[in-house]
Amino acid sequence: MVERVNVGPRRVLSLDEQLEVARLHRQGVSATELARRFGVSRRTVFRYSRSVVRDTTTLRVRLRQWAKERQIRLTRDDLETLVLAIETTR
């Protein structure tokens, strides 16, 4: 059995860094490259990518429900503009 050695304290990324990791990963930068660049594990890269996608999907669903309740018709472009505006203010 191999004993695991703790290599040091975990690196905690700011929200901006987390969003950057997720954006770059979606654009095709490998998890290995991002892990090296940001000083985190590959698992952390995947986790950040998943959580941002999940949060964005949830946000889109909530915006659609909000618009429907108020009988507002949103185009796809309107929805994406709202999502982008909300994500940049988080």
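The values are calculated or read from the model by the stated rules, or taken from the named source; none is laboratory data. Given the structure is predicted, the values throughout are model-derived calculations rather than measurements. Backbone-built Cβ (ideal geometry, glycine too); neighbour counts: all protein chains shown.
Scanning the range 26-66 for residues that are among the hydroxyl-bearing types (Ser, Thr, Tyr), at pLDDT 90 or above and farther than 17 Å from SER14 by Cα, which turns out nearest to the chain's Cα centre (by Cα)?
This residue is SER30.
Going by what's in this entry, would VAL53 be described as without any contact (Cβ under 8 Å) to a residue 40 or more places away in the chain, among the aliphatic types (A, V, I, L, M) and under 18 Å from ALA85 (Cα atoms)?
So VAL53 fits the description; yes.
When you go through (1) under 25 Å from ARG10 (Cβ atoms); (2) of a type in the set (S, T, N, Q); (3) not in a helix (DSSP H, G or I) one by one for GLN71, which number turns out not to apply?
All conditions are met except number (1).
Search the range 16-28 for residues that are touching a residue at least 24 places away in the same chain (Cβ under 8 Å) and pair each with any residue that is acidic (Asp, Glu) when their beta-carbon atoms are under 9 Å apart and the residues are at least 6 apart or on different chains.
LEU19/GLU87
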